[in-house]
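Chemist: I have a structure I would like to understand better, so I am pasting it below and will then ask my questions one at a time.
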Number of protein chains: 2
Amino acid sequence: MSGPTIYDVAAAAGVATSTVSRAFSQPGRVSAATRDRIVAVAAELGYRPNPHARALLSGKHHTVAMVVSDIANPHYFEMIRGAEMRARVSEYTLLLVNAEESPRVEWEQIQRLSPAVDGFLLAASRLPDENLRQVAAQRPVVLMSRELPDLTSVVLDHVEGCHQVVSHLASLGHRDLVYLAGPRNSWMASTRWAALQRAAEQIGVGARRIGPFTPKVTQGGAAADAAVNARATAVVAHNDLLAIGVMQRLAQRGLRVPEDVSVVGFDNIFAADVCTPGLTTLGGAHTDLGRTAVELLLTAGSRAADDPPRVVLPTELVLRGSTGTVATA
Amino acid sequence: MSGPTIYDVAAAAGVATSTVSRAFSQPGRVSAATRDRIVAVAAELGYRPNPHARALLSGKHHTVAMVVSDIANPHYFEMIRGAEMRARVSEYTLLLVNAEESPRVEWEQIQRLSPAVDGFLLAASRLPDENLRQVAAQRPVVLMSRELPDLTSVVLDHVEGCHQVVSHLASLGHRDLVYLAGPRNSWMASTRWAALQRAAEQIGVGARRIGPFTPKVTQGGAAADAAVNARATAVVAHNDLLAIGVMQRLAQRGLRVPEDVSVVGFDNIFAADVCTPGLTTLGGAHTDLGRTAVELLLTAGSRAADDPPRVVLPTELVLRGSTGTVATA
DNA sequence: AACAACTTGGCAACCCCTTGCCATCATTTG
DNA sequence: CAAATGATGGCAAGGGGTTGCCAAGTTGTT
């Protein structure tokens with residue numbers, strides 16, 4: 001079934017297995033002549049080191065697991081891409097895991113993989129803080145789009161970002177906004193709401209919250225109806241998927257965007273650029289987020305455990321057609 | 001670093017390691033009382049079997065690698081999702097690998113992972129046939145969106161699909177179509193062109209090919225210009241990304257879709273639904289494709305090696321606003 | 001009571017690779 | 001020329017779990 005082992009190579013080259021092993025892992029310990037011969041024989045036999053056997057002893061698997069709270073959301077796409085690219089540079093393998101928005105599934109997957117990976121990337125984890133600390137006690141962990149004081153994390157600057165959003169809406173004349181909230185157990189959802197509230201207060205506009213909603217296009221209908229019912233002139237949706245769903249429903253009901261209602265999303269997914277009108281959304285360097293997270297994970301061993309890094313990446317408000325001046329009724 | 005082993009459990013329970021092992025893997029071989037005690041002790045200690053150690057002996061890793069030719073394409077998203085879901089059901093781990101559209105990278109990644117996985121899912125592989133056979137000789141392989149006589153594959157029905165596309169355009173009065181081709185080393189690209197040609201011939205319309213183009217939005221500009229230059233009334237783009245890029249460029253040049261030019265894409269990605277006009281595109285059950293591919297891979301051992309299954313899944317032409325009757329100039 | 005038949009548990013080898021330690025051989029130095 | 005030094009390769013253990021084989025223990029039979 002499997003390929004040749006170092007035993008085969010050793011036999012074919014007429015040396016001990018240890019010599020073969022060292023020829024690859026400690027080139028200095030073997031004479032050039034012997035090494036060349038071994039390498040040649042290995043190549044001829046098509047020998048590939050078995051990473052599992054290696055991991056068994058070293059404890060290093062050269063693998064990191066990325067657990068995504070819902071892989072159906074295109075938002076994670078860029079993060080996955082960035083993570084994959086960075087991992088590949090270091091010849092690490094990226095294991096992709098879907099938690100299906102379920103803390104239980106997430107926990108089980110983590111426990112199952114724990115002995116087999118060098119660390120975890122948890123993207124928008126739905127686990128309670130307590131569980132996150134437990135995971136971190138077993139393996140290095142980097143949180144993505146979530147923060148916890150004692151853990152390493154990478155997030156976009158939601159405080160600044162939400163300020164940009166509110167400021168933008170205020171400058172268009174909106175005196176009031178409605179936040180269509182994300183899932184209850186989403187750290188991002190509560191953080192955004194807090195940041196929006198604070199920004200609204202500073203800027204002097206009102207802010208209300210409706211929800212929670214599962215952040216999918218299909219939920220946009222209910223969210224839109226609720227927003228209309230609340231007589232909102234500006235809605236800030238938890239993410240672009242929800243925002244797009246909201247816009248679809250508004251169009252269906254004959255309401256114009258942005259003339260009647262302005263809509264803002266989060267994440268700047270690809271579809272936000274091509275929908276009509278284009279969706280104003282708070283974007284950020286998601287690829288960098290993925291890249292940085294892997295970077296932090298791979299270098300986790302070389303840092304003091306106390307005061308772990310908490311990277312905050314800049315956001316950018318991408319203005320498109322979905323926001324406009326408030327109607328002067 | 002790592003958790004407790006069966007040695008720890010054995011010591012704590014006062015039995016031999018083999019008994020612990022059997023308590024989990026061959027429940028019948030151990031008395032219920034002993035097993036209960038072992039399970040209890042294991043749970044208390046937080047014992048998790050080490051999958052690598054297990055794989056070392058059994059050769060089964062409970063892991064499949066999915067190699068995607070370009071992870072930036074949302075099209076793969078659904079396939080990844082389907083694959084991930086099916087793998088999880090069987091408690092298999094899905095390893096996601098990006099080939100970056102490079103046959104070399106793809107080959108290296110496969111070789112690197114080969115000893116560590118139970119099989120490969122190759123999505124739209126860019127490798128030459130020869131290399132695919134080599135991979136298949138080492139490990140079970142399932143091709144996705146690609147066919148090769150001696151290998152297992154899952155594809156959408158491009159023959160029927162392309163017929164639908166051409167038939168649709170013909171019924172709108174188009175006498176001629178232009179195919180904006182995908183990458184040169186893409187099996188899909190040449191297959192689509194062949195199927196389009198054949199359908200065009202049967203239906204009695206003309207078909208021309210322009211390209212190749214890298215199937216990304218940014219390439220849509222050049223593709224659109226070339227199509228306009230060719231006086232096309234209907235363009236069939238290699239995929240939705242390219243089609244969306246084409247539509248953007250056409251709008252920029254003041255050409256109306258579908259009044260001046262009809263546009264058709266492939267894949268039915270999410271953005272095709274929200275762009276303006278909506279993109280008519282040939283979709284299919286991509287989630288099923290991913291699911292089926294894993295299914296076939298996991299059951300690969302229980303089939304005869306000759307005459308491997310070649311699953312063809314149905315397509316559906318999704319009609320949206322980007323196609324219309326040809327202008328009666 | 002003696003023995004057969006069956007159940008349960010333990011020993012030890014094995015999977016593949018790494019590595020500490022030691023033996024061997026060659027080279028250098030006094 | 002002997003002894004010290006260094007370069008090189010081999011032996012064997014170990015890492016976590018599995019499994020063939022055998023021993024001990026249990027139950028049943030005559």
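The values are calculated or read from the model by the stated rules, or taken from the named source; none is laboratory data. Everything quoted here is computed from the prediction, not taken from an experiment. In this analysis, Cβ positions are derived from the backbone assuming ideal geometry, glycine residues included, and neighbour counts consider all displayed protein chains.
Chemist: Among the listed residues A:117, A:155, A:159, A:135, which satisfies the condition of being touching a Phe, Trp or Tyr at 6+ places or on another chain (Cβ under 8 Å) and over 24 Å from residue A:231 (Cβ atoms)?
Modeler: Values: A:117 fails: touching a Phe, Trp or Tyr at 6+ places or on another chain (Cβ under 8 Å); A:155 fails: touching a Phe, Trp or Tyr at 6+ places or on another chain (Cβ under 8 Å); A:159 fails: touching a Phe, Trp or Tyr at 6+ places or on another chain (Cβ under 8 Å).
Of the residues listed, the single one that is touching a Phe, Trp or Tyr at 6+ places or on another chain (Cβ under 8 Å) and over 24 Å from residue A:231 (Cβ atoms) is A:135.
Chemist: Out of curiosity, is residue A:122 over 14 Å from the mean Cα position of the chain (by Cα) and more than 8 Å from chain B (Cβ to nearest Cβ)?
Modeler: Values: over 14 Å from the mean Cα position of the chain (by Cα): no; more than 8 Å from chain B (Cβ to nearest Cβ): yes.
In short, no.
Chemist: Going by what's in this entry, would residue A:142 be described as modelled with pLDDT of 95 or more and not assigned by TED's automatic domain parsing to the domain that holds residue A:308? It would help to see each step written out before you state the result.
Modeler: Details: modelled with pLDDT of 95 or more: yes; not assigned by TED's automatic domain parsing to the domain that holds residue A:308: no.
For residue A:142, the condition - modelled with pLDDT of 95 or more and not assigned by TED's automatic domain parsing to the domain that holds residue A:308 - is not met.
Chemist: Look at the range B:270-304 and say how many of its residues are among the aromatic types (Phe, Trp, Tyr) and either in the same structural domain as residue B:152 (by TED's automatic domain parsing) or more than 30 Å from residue B:320 (Cβ to Cβ) (or both). If you could, list the steps in order and put the result at the bottom.
Modeler: Here is the first cut: in the range B:270-304, the residues among the aromatic types (Phe, Trp, Tyr) are B:270.
So of that shortlist, the ones also either in the same structural domain as residue B:152 (by TED's automatic domain parsing) or more than 30 Å from residue B:320 (Cβ to Cβ) (or both) come out as none.
Counting residues in the range B:270-304 that are among the aromatic types (Phe, Trp, Tyr) and either in the same structural domain as residue B:152 (by TED's automatic domain parsing) or more than 30 Å from residue B:320 (Cβ to Cβ) (or both) gives 0.
Chemist: Sticking with this structure for a sec: Can you tell me which of (1) at positive phi; (2) touching a strand residue (DSSP E or B) at 6+ places or on another chain (Cβ under 9 Å) is the one residue B:288 doesn't meet?
Modeler: Single failed check for residue B:288: (1).
Chemist: Could you tell me which residue of the range A:22-37 is modelled with the lowest pLDDT, considering only residues that are more than 8 Å from DNA strand D (Cβ to nearest atom) and more than 23 Å from residue B:109 (Cα to Cα)?
Modeler: Kept after step one, since they are more than 8 Å from DNA strand D (Cβ to nearest atom), are these residues of the range A:22-37: A:24-27, A:36-37.
Filter once more, so that each one left must be more than 23 Å from residue B:109 (Cα to Cα): A:26-27, A:36-37.
Details: A:26: 82, A:27: 75, A:36: 88, A:37: 89.
Step by step, filter the range A:22-37, then rank; the result is A:27.
Chemist: Across the range A:41-73, which residue is farthest from DNA strand D (Cβ to nearest atom) among those that are within 12 Å of residue B:115 (Cβ to Cβ) and under 29 Å from the mean Cα position of the chain (by Cα)? Give the steps one after another, and end with the answer.
Modeler: Filtering the range A:41-73 down to residues within 12 Å of residue B:115 (Cβ to Cβ) leaves A:46-55.
Still in the list and also under 29 Å from the mean Cα position of the chain (by Cα): A:51-52, A:55.
Values: A:51: 11, A:52: 9, A:55: 9 Å.
That would be A:51.
Chemist: Also: Among the numbered criteria (1) within 13 Å of another protein chain (Cβ to nearest Cβ); (2) surrounded by fewer than 23 Cβ atoms within 10 Å (Cβ to Cβ), which one does residue B:307 miss?
Modeler: (1)
Chemist: Could you say which residue among A:239, A:229 is without any contact (Cβ under 8 Å) to a residue 24 or more places away in the chain and in the same structural domain as residue A:180 (by TED's automatic domain parsing)?
Modeler: Values: A:239 fails: without any contact (Cβ under 8 Å) to a residue 24 or more places away in the chain.
Answer to the selection: A:229.
Chemist: Just checking, does the range A:307-315 include any residue being free of Cβ contacts under 8 Å to residues at least 40 places away in the same chain and assigned by TED's automatic domain parsing to the domain that holds residue A:83?
Modeler: Of the range A:307-315, the ones free of Cβ contacts under 8 Å to residues at least 40 places away in the same chain are A:307.
Still in the list and also assigned by TED's automatic domain parsing to the domain that holds residue A:83: A:307.
Yes, the range A:307-315 contains at least one residue that is free of Cβ contacts under 8 Å to residues at least 40 places away in the same chain and assigned by TED's automatic domain parsing to the domain that holds residue A:83.
Chemist: Residue under question is residue A:10, and the condition is that it be within 14 Å of chain B (Cβ to nearest Cβ), out of contact with any strand residue (DSSP E or B) (no Cβ under 7 Å at 6 or more places or on another chain) and either under 30 Å from residue B:141 (Cβ atoms) or within 9 Å of DNA strand D (Cβ to nearest atom) (or both); does it hold?
Modeler: no
Chemist: I'd like to verify a number: residues in the range A:237-264 that are acidic (Asp, Glu) and either within 31 Å of the chain's Cα centre (by Cα) or crowded, with 24+ Cβ neighbours inside 10 Å (or both), how many? Full working, then the answer.
Modeler: Taking the range A:237-264 first, the residues acidic (Asp, Glu) are A:240, A:259-260.
Checking the rest, the ones that are also either within 31 Å of the chain's Cα centre (by Cα) or crowded, with 24+ Cβ neighbours inside 10 Å (or both) come to A:240.
Looking only at that region, the number is 1.
Chemist: Across the range A:37-63, what is the number of residues that are under 28 Å from residue A:144 (Cα atoms) and more than 11 Å from every other protein chain (Cβ to nearest Cβ)?
Modeler: Summing the residues that are under 28 Å from residue A:144 (Cα atoms) and more than 11 Å from every other protein chain (Cβ to nearest Cβ) in the range A:37-63 gives 0.
Chemist: Next question, about the same structure. Among the residues of the range A:150-163, is there at least one that is more than 28 Å from residue A:264 (Cβ to Cβ) and either surrounded by fewer than 18 Cβ atoms within 10 Å (Cβ to Cβ) or free of Cβ contacts under 8 Å to residues at least 40 places away in the same chain (or both)?
Modeler: Here is the first cut: in the range A:150-163, the ones more than 28 Å from residue A:264 (Cβ to Cβ) are A:150-152.
Within this subset, residues satisfying the condition of being either surrounded by fewer than 18 Cβ atoms within 10 Å (Cβ to Cβ) or free of Cβ contacts under 8 Å to residues at least 40 places away in the same chain (or both) are A:150.
Checking the range A:150-163: at least one residue is more than 28 Å from residue A:264 (Cβ to Cβ) and either surrounded by fewer than 18 Cβ atoms within 10 Å (Cβ to Cβ) or free of Cβ contacts under 8 Å to residues at least 40 places away in the same chain (or both).
Chemist: Restricting attention to the range B:269-281, which residues are surrounded by fewer than 24 Cβ atoms within 10 Å (Cβ to Cβ) and modelled with pLDDT of 95 or more?
Modeler: Across the range B:269-281, there are no qualifying residues.
Chemist: Which ranges mark the helices (runs of 4 or more DSSP H) fully within the range A:1-120 that have 1 or more residues being crowded, with 21+ Cβ neighbours inside 10 Å and more than 16 Å from DNA strand C (Cβ to nearest atom)?
Modeler: Working: elements: A:6-13, A:17-25, A:32-45, A:51-58, A:75-89, A:103-113.
Here the list reads A:75-89, A:103-113.
Chemist: Considering every residue within the range B:66-89, establish whether at least one is within 14 Å of chain A (Cβ to nearest Cβ), touching an Asp or Glu at 6+ places or on another chain (Cβ under 6 Å) and within 23 Å of residue A:56 (Cα to Cα).
Modeler: No; the residues of the range B:66-89 include none that is within 14 Å of chain A (Cβ to nearest Cβ), touching an Asp or Glu at 6+ places or on another chain (Cβ under 6 Å) and within 23 Å of residue A:56 (Cα to Cα).
Chemist: From the list B:125, B:90, which one is touching a strand residue (DSSP E or B) at 6+ places or on another chain (Cβ under 9 Å), among the polar types (S, T, N, Q) and under 18 Å from residue B:65 (Cβ atoms)?
Modeler: Details: B:90 fails: touching a strand residue (DSSP E or B) at 6+ places or on another chain (Cβ under 9 Å).
B:125 is the lone residue from the list that is touching a strand residue (DSSP E or B) at 6+ places or on another chain (Cβ under 9 Å), among the polar types (S, T, N, Q) and under 18 Å from residue B:65 (Cβ atoms).
Chemist: Touching a His at 6+ places or on another chain (Cβ under 7 Å), assigned by TED's automatic domain parsing to the domain that holds residue B:120, touching a residue at least 24 places away in the same chain (Cβ under 8 Å) and not charged (D, E, K, R): does that describe residue B:93? Please lay out each step first, then the result.
Modeler: On the way: touching a His at 6+ places or on another chain (Cβ under 7 Å): yes; assigned by TED's automatic domain parsing to the domain that holds residue B:120: yes; touching a residue at least 24 places away in the same chain (Cβ under 8 Å): yes; not charged (D, E, K, R): yes.
Spelling it out, residue B:93 is indeed touching a His at 6+ places or on another chain (Cβ under 7 Å), assigned by TED's automatic domain parsing to the domain that holds residue B:120, touching a residue at least 24 places away in the same chain (Cβ under 8 Å) and not charged (D, E, K, R).
Chemist: Go through the range B:121-162 and count every residue that is part of a helix (DSSP H, G or I) and among the basic types (Lys, Arg).
Modeler: So in the range B:121-162, the residues part of a helix (DSSP H, G or I) come out as B:129-138, B:158-162.
Now restrict to residues that are among the basic types (Lys, Arg): B:133.
Qualifying residue count, the range B:121-162: 1.
Chemist: Working carefully through the options A:159, A:117, A:105, find the one that is of a type in the set (Val, Ile, Thr) and more than 14 Å from chain B (Cβ to nearest Cβ).
Modeler: Working: A:117 fails: more than 14 Å from chain B (Cβ to nearest Cβ); A:105 fails: more than 14 Å from chain B (Cβ to nearest Cβ).
The unique qualifying residue is A:159.
Chemist: If residue B:287 meets every condition in (1) closer than 19 Å to residue A:278 by Cα; (2) in contact (Cβ under 8 Å) with a residue 60 or more places away in the chain; (3) in contact with a Lys or Arg (Cβ under 7 Å, 6 or more places away or on another chain) apart from one, which number is that one?
Modeler: Every listed condition holds for residue B:287 apart from (1).
Chemist: Next question. Residues that are under 21 Å from residue A:156 (Cβ atoms) and of a type in the set (Gly, Ala, Ser): does the range A:217-232 have at least one? Full working, then the answer.
Modeler: We begin by selecting, within the range A:217-232, every residue under 21 Å from residue A:156 (Cβ atoms); these are none.
Within the range A:217-232, not a single residue is under 21 Å from residue A:156 (Cβ atoms) and of a type in the set (Gly, Ala, Ser).
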